[in-house]
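Have a look at the structure below before the remarks.
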Amino acid sequence: MYADTREATEISGQMSSTLSLGHIDEPLLICGGAYGNLEALEALILRASDHGIPTDRIIHTGDVIAYCADARATAERVRRLGLLSIRGNVEDQLAEDAEDCACGFHEGSACDVLARSWYAHARGQMTLELSAWMAALPRHLTFSMAGKRVRVVHGSPGLVNRFMWESLPSADYAGEIGQACADVVVAGHTGLPFTRTLPDGRVWHNSGGLGMVANDGTPRVWYALMSPGRSGPEFTHFALDYDHALAASKMRKAGLPEGYASALETGLWPSLDILPEEEKSRTGQPIDLSELNGQTDQAAA
Ligand SMILES: [Fe+2]
């Protein structure tokens, strides 16, 4: 279905492997980090089937392994199902058997301390086969849809672990999308869903996290559909309910940090260290799907 050509692209001095998918005129399902949450992944595969989307039209924006218990099983499932996955910072680190996740957390912060625990668990579940698979994953995907150039990245086009929060100024988005040489950027890493349309029509989309809640006080996780529209790709966000109680119990059994196990149940992150003030202020406020899907960059000018 896709042109399978790889090219080496230099972005900000960083050699990036980009997989070009050519032109796509069918809907895609977009999901953020599975984070080792096998129950959420299985629920997503069922939901994709409901949408009529085969697994080779599911884009996963990286960090297949992180907070949750089933690191190996989740990565194996993504690999065997043939999801279109890119390398997140976690794949980068695990493929090199590095000592830490390079998530971009401040040293000594609560997120940093918690990451030491889940990263060690993830590292302990790696196999040589999975390392080789992660090392071979592309860093970016590119394709065209409805006349627009699309680039899929993990953090930002030039930095795998940059947090592109929704509240950042328009200039940050304009700069990053320009660097991507694209009209539309699909990104992950932050774990919060939003679609931001700049005044000039360029778009930044984040489907949110598949394997971790969005700090909105609900146990829902997130994905999106990307479909060709009249004047470019159109995004629709969806919430996903799944067996979060089972996923949380597995984490406790594995001795993983209680903060993230509880988060799957309460919908609240164990630490807000990394969040800007605007995102912090939304803590515990359930995301309104219609608002999420109707949002535009009104405040961008
Ligand atoms: Fe990440």
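Key figures
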quantity: Relative contact order of the chain, pairs being alpha-carbon contacts under 8 Å that are 6 or more residues apart, as %; calculated: 20 percent
quantity: Point-to-point label distance, R230-S281, nm (Cα→Cβ direction, 7 Å offset); calculated: 3.5 nm
quantity: Highest average packing first - 122-128, 91-97, 285-291, Cβ atoms within 10 Å; calculated: 91-97, 122-128, 285-291
quantity: Whether the range 94-194 is rounded, prolate or oblate, judged on the alpha carbon gyration tensor where a/c under 1.5 counts as rounded; calculated: oblate
quantity: Table column - 3J(HN,Hα) (Hz), the range 31-36, Karplus curve with 6.51, -1.76, 1.60, x for Gly and Pro; calculated: 9, x, x, 6, 6, x
quantity: Separation of alpha-carbon centers, the range 16-58 and the range 208-224, rounded to whole Å; calculated: 16 Å
quantity: FRET efficiency for E42 and L272, using Cβ-Cβ distance with R0 set to 41 Å, rounded to 0.05; calculated: 0.90
quantity: The range 5-294 - percent of accessible surface contributed by carbon and sulfur, probe 1.4 Å; calculated: 51 percent
quantity: Extension gain, D200 back to A120 (0.36 nm per residue minus Cα-Cα distance, nm); calculated: 24.4 nm
quantity: In Å², nearest 10: area of F238 left accessible to a 1.4 Å probe; calculated: 50 Å²
quantity: Shape call, the chain: gyration tensor on alpha carbons, a/c limit 1.5; calculated: rounded
quantity: Label-to-label distance, nm, for residues given as A245 and R149 (7 Å Cα→Cβ offset); calculated: 5.1 nm
quantity: Listed peptides 176-185, 37-46 by packing density, highest first (mean Cβ within 10 Å); calculated: 37-46, 176-185
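The values are calculated or read from the model by the stated rules, or taken from the named source; none is laboratory data. Since we're looking at a predicted model, the values are computed, not measured. When we count neighbours, we look across all protein chains shown, and the Cβ atoms used for this are built from the backbone with ideal geometry, even at glycine. Areas reflect the complete protein model, heavy atoms only, side chains present, ligands, DNA and RNA absent. Shrake-Rupley method; radii C 1.70, N 1.55, O 1.52, S 1.80 Å.
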